[in-house]
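A short worksheet on the structure shown next.
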Amino acid sequence: MPRWLGGTAAVALLATGSPLWILASDSPAKPDANSPTLVARGEAVYAQHCASCHGATLEGQANWRSRLPNGRLPAPPHDATGHTWHHSDKQLFEMVKNGTTGMVPGYETDMPAYKDILGDADIWAVLSFIESTWPPDIRARHARIATPKD
């Protein structure tokens with residue numbers, strides 16, 4: 001690629017107002033809690049789309065195991081105190097992309113499906129960020145759940 005074209009493309013990308021790493025073509029197919037780039041990307045996406053319900057520090061909403069007056073459960077924590085790590089990476093991805101009702105028909109939740117809001121790479125990045133915050137023992141336990149056994 002000619003040097004002037006690369007510089008022009010970078011200026012065009014910067015003019016969109018989006019950080020370059022969001023526009024990068026990398027498309028992970030699973031979370032990688034050990035990738036600083038993917039974790040940073042996921043942290044930014046989480047802050048913008050998830051933190052308002054699940055908490056800035058992944059703490060979830062108060063009394064997340066007790067139903068609200070509308071019968072729905074509050075947003076659970078995604079830190080080590082919650083149950084997020086009990087689900088496989090594939091299940092977590094599907095819950096975010098298609099919503100819980102996509103996995104459990106008829107289940108009522110306040111969490112929307114993000115398929116029309118976030119791309120797959122951003123969902124994997126968010127999961128990378130969440131998993132990066134878990135202590136080593138929880139990450140090891142989750143790895144056993146997340147790795148399908150054929």
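The values are calculated or read from the model by the stated rules, or taken from the named source; none is laboratory data. Source: prediction; values computed, not measured. Cβ atoms come from the backbone with ideal geometry, glycine included; neighbour counts cover every protein chain shown. Accessible surface is based on the protein model in full, side chains and every heavy atom, while ligands, DNA and RNA are left aside. Shrake-Rupley method; radii C 1.70, N 1.55, O 1.52, S 1.80 Å.
Share of segment 31-150's accessible area from carbon and sulfur, percent, 1.4 Å?
The nonpolar share, carbon plus sulfur, comes to 54 percent.
Quickly rank 109-117, 38-46 as a protection proxy: mean count of other C-beta atoms within 10 Å, highest first.
Sorting 109-117, 38-46 by mean packing, highest first, produces 38-46, 109-117.
May I ask you to order 53-63, 76-86 by the average number of other C-beta atoms within 10 Å around their residues, highest value first?
76-86, 53-63
Report the extension gain between residue 133 and residue 83 in nm, rounded to one decimal, defined as 0.36 nm multiplied by the number of residues separating them, less their alpha carbon distance.
Extra length from residue 133 to residue 83 when fully extended: 16.6 nm.
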